[in-house]
Amino acid sequence: MPGGMMDLNSLKQFLVVARLEHLSRAAEELRIAQPSLSRTIARLESELGVPLFDRSGRLRLNDTGKLFRHHVERALGELDAGRRAVTDATSHGLGTVRLASETFLTLTGPLAVFKRAHPAAEVELHWSPADDMARRLRAQEVDLCLASQPIHADGLEATQLFREAVGVGVPLDHPLAGRTSVSIDELADQPFVTARTGHWLRRLLDRLFAARDLTPKIVCESDEHSAIADLISAGLGIGLVPGLARRSTTRAPITWIDVDDPDCSRTVTLYRGTDSHLSTAARLMHTTITNWNWPTDVP
């Protein structure tokens, strides 16, 4: 390999280009000029002696680039963890816990208890799609991730918290409102309010329908998952609603009906990086969440 010194800044810039696979968008996010970013990537490739991206058509991270990215994420994550470990050791405080989740509705109870018990601990909440969680844990951008769908990746330690039924929510005056349970086939022509592609709620809906060669009729995709019940209540359509949301005190007036399908459920799991250094605050948060009195109404 040709000699050369990879500086941290180049490596950080490489990770942004690798994630976005788009030079001008990466330059915009990094707030630097695109020609300067192109030079950084070219210099990195010449130091390694191999291309990291395919440039036929649009920019794509190649297999060598993916291999390199994995090591760069870990290396930068370790440096960041080292900085935090020094801060934790010298500050005599509890440090910071960085928690990522697809939805924070699930966590309001444990978070309130944690803040009361440890007012000195700093809590950072990051919304994250499940697809990005493994990367963020490996890169030590976050300490803990709460997901409602399985994450298949190496280097993660998983603690299953609970499994619960997911029902269908309908407006109070809906023709199905008097029913105790419904089948997917009966929902085939109903208008659905749901989350965007990639979110566990949407994946579950698509999976249940695909199993019967059906496609759900989606009238509204919401980024605000707490608003789904409100939109159902307003009469826009029906939608899948997890049991935990059904028990929420702030829920909109909707009727919750069981779905006749054992797969209509979600499993909520807490993930951490196997090798990551956790601050005292992160270890305490892990304990608080795993010891929480989660629902036990397994479908």
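The values are calculated or read from the model by the stated rules, or taken from the named source; none is laboratory data. Predicted model only: the values in this text are computed from it and were never measured. Cβ coordinates were reconstructed from backbone atoms using ideal geometry, including for glycine residues, and neighbour counts include every protein chain displayed.
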How many residues does the stretch 48-65 contain that are in contact with a helix residue (DSSP H, G or I) (Cβ under 9 Å, 6 or more places away or on another chain), touching a residue at least 12 places away in the same chain (Cβ under 8 Å) and not hydroxyl-bearing (Ser, Thr, Tyr)? 8
Of all residues in the stretch 213-228 being of a type in the set (A, V, I, L, M) and within 16 Å of Leu244 (Cα to Cα), which is modelled with the highest pLDDT? Ile228
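Regarding Ala245, is this residue touching an Asp or Glu at 6+ places or on another chain (Cβ under 6 Å), outside the structural domain of Val97 (by TED's automatic domain parsing) and of a type in the set (Gly, Ala, Ser)? Outline the logic, then answer.
On the way: touching an Asp or Glu at 6+ places or on another chain (Cβ under 6 Å): no; outside the structural domain of Val97 (by TED's automatic domain parsing): yes; of a type in the set (Gly, Ala, Ser): yes.
So Ala245 does not fit the description; no.
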Of all residues in the stretch 170-187, which are under 13 Å from Ile238 (Cα atoms) and either loosely packed, with under 13 Cβ neighbours inside 10 Å or touching a strand residue (DSSP E or B) at 6+ places or on another chain (Cβ under 8 Å) (or both)? Val170, Pro171, Leu172, Asp173, His174, Pro175, Leu176, Ala177, Val182, Ile184, Leu187
For the stretch 197-210, which positions are more than 20 Å from Glu164 (Cα to Cα) and over 13 Å from the mean Cα position of the chain (by Cα)? Ala210
Sort out which residues of the stretch 230-245 are out of contact with any Gly (no Cβ under 9 Å at 6 or more places or on another chain) and either within 14 Å of Ala177 (Cα to Cα) or surrounded by 20 or more Cβ atoms within 10 Å (Cβ to Cβ) (or both), and write them in order of number. Gly235, Gly237, Leu244
Collect the residues in the stretch 133-152 that are over 18 Å from Leu244 (Cβ atoms) and buried (at least 19 other Cβ atoms within 10 Å of the Cβ), keeping them in residue-number order. Met133, Ala134, Arg136, Leu137, Arg138, Ala139, Gln140, Val142, Asp143, Leu144
Could you go through the stretch 88-103 and let me know if any residue there is basic (Lys, Arg) and within 26 Å of Asp132 (Cα to Cα). yes
Does Ala195 meet the test of being assigned by TED's automatic domain parsing to the domain that holds Glu102, aliphatic (A, V, I, L, M) and crowded, with 17+ Cβ neighbours inside 10 Å? no
So Val113 ticks every box in (1) crowded, with 20+ Cβ neighbours inside 10 Å; (2) more than 17 Å from the chain's Cα centre (by Cα); (3) among the β-branched types (Val, Ile, Thr) but one. Which box is left unticked? (1)
Quick one: which strands (runs of 3 or more DSSP E) lie wholly within the stretch 225-277 and hold at least 2 residues that are within 25 Å of Pro110 (Cα to Cα) and hydrophobic (A, V, I, L, M, F, W, C)? 239-242, 265-273
Matching residues, the stretch 62-84, being part of a helix (DSSP H, G or I) and at pLDDT 90 or above: Asp63, Thr64, Gly65, Lys66, Leu67, Phe68, Arg69, Val72
Given (1) more than 20 Å from Asp173 (Cα to Cα); (2) at pLDDT 85 or above, Ile254 misses just (1)
Quick test of your reading of the structure: Thr103 fulfils all but one of (1) modelled with pLDDT of 90 or more; (2) β-branched (Val, Ile, Thr); (3) surrounded by 17 or more Cβ atoms within 10 Å (Cβ to Cβ). Name the failing condition by number. (1)
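For residues that are β-branched (Val, Ile, Thr) and out of contact with any Leu (no Cβ under 9 Å at 6 or more places or on another chain), scanning just the stretch 36-51, find the one that is surrounded by the most Cβ atoms within 10 Å (Cβ to Cβ).
Thr40
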Top-ranked residue of the stretch 257-299 - restricted to ones that are of a type in the set (A, V, I, L, M, F, W, C) and within 19 Å of Leu137 (Cα to Cα), ranked as modelled with the lowest pLDDT: Leu278
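Matching residues to (1) of a type in the set (Gly, Ala, Ser); (2) more than 23 Å from Arg138 (Cβ to Cβ):
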| residue | (1), (2) |
| --- | --- |
| Leu23 | no, yes |
| Glu28 | no, yes |
| Ser36 | yes, yes |
| Arg39 | no, yes |
| Leu48 | no, no |
